[in-house]
Structure formats: structure tokens, C-alpha cells
Amino acid sequence: VTLIADRGSQRAHRAMTIRRGSGGDFRNVLITGFNNEAIDLRGNGLAHLVANGTLKFSGIAMHATGVHPRTPLPEERGEQDDDDGFSEAAFLLGQGRARVVSDSGLPLQATNALQPVFTPERSVPNLAPSAVAQGEFWNEGASYIGAVRPQSRDPWFTGWTAFPPD
């Protein structure tokens, strides 16, 4: 998965909000440009979902994301705590499931609304991708962070997408 936002947006936004009772296995996700936070886990029981393996993360790259881009997972205190004290930063960064990276590998045109370029020019540096789940419908040969193989000449989405002018 590649999640891209325009960091200069006037609206606060986050890449992912995962609410109580949700499960999933998030691997090799590239997050860039979100001006609020990268991932917010909300609701009671998150620690249980993480502990029993219902909710998993690995190979998550966070670039230029967060109110302060080097801290994409701010601690929630007081009224801001929407997950019973669960720390996204401790869970994701502290246990190596995610990393703040200084280079997304994406070209500047990735946020162009009319003619975006989603194919990375290079791999995300200093972050090894996680092995893809076997026996699923995913591309088991994918060995990169994000939705598109870096420097791909014919990305999988060719012919599937259009960006018409407003």
C-alpha cells in the first residue's frame, strides 16, 4: 500500500484510522505527506487485538508525516487519549514494525492532482520489506515497500486509473 497526501493541505489529516474490533495484517506500507499523524488506533481492546495477532504491522515506512515530521505518531494524553493508553509509537516504532524515513523514493510529481506519478524512483532506504503472506491473493514476489515496484516501466495500475481535470 502507498498512502500519499499533500503536506501543505490546510485540513489536518492522517493516513490510517483503525477502530476497535478491526483486524488486519499491514505489511510494506509507504505513508508520506500526512500533516496530522500516520496511524491512529482508536477504541478499547486494541492491546488484545495486537496480543492475539488479529492486528499486525511490519515494514511500515513513514515519511514527512505528522505535525512534526520526525514524530508521525504523537502520544495521546488526557482528552486526546482515544485508545485506553495504547501507545502507537511504542508499538510501531519501539518494536521495529515501522520506521521514520528521510526519503520516500517517490518523485515530486506524486502529489500532482492532474498527472500524478506513483512509481518510486528508488527503494525506501534503510528499511527491508517484510515477507508477503503466502497463499493469499497478493503478489507473493513483491519485495519492496509500497504499492508499486520502484523504477517499474509498466506499473500494475496502468490503464486502471484516470486523473481528469476538475
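A short reminder: the numbers here are calculations on the coordinates, not readings from a lab. Just so you know, these numbers come straight off a predicted model, no measurement behind them. Cβ atoms come from the backbone with ideal geometry, glycine included; neighbour counts cover every protein chain shown.
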Spread of Cα-to-Cα distances over 5 Å intervals beginning at zero, given as percent, for segment 1-77: 4, 16, 24, 24, 19, 11, 3, 0
Helix-only [θ]222 nm of the chain, DSSP H runs n ≥ 4, -39500 (n - 2.57) each, per residue, nearest 500: -1500 deg cm²/dmol
Debye, to nearest 20: dipole size of the chain, +1 on Lys, Arg Cβ, -1 on Asp, Glu Cβ: 340 debye
DSSP beta bridge pairing in segment 17-162, given as percent antiparallel to the nearest 5: 5 percent
Cα coordinate range in the chain, projected on the principal axes (Å, largest first): 46, 42, 30
Residue (of Ser58, Thr71, Val148) at the positive-pole extreme of segment 1-153, dipole from beta-carbon charges: Val148
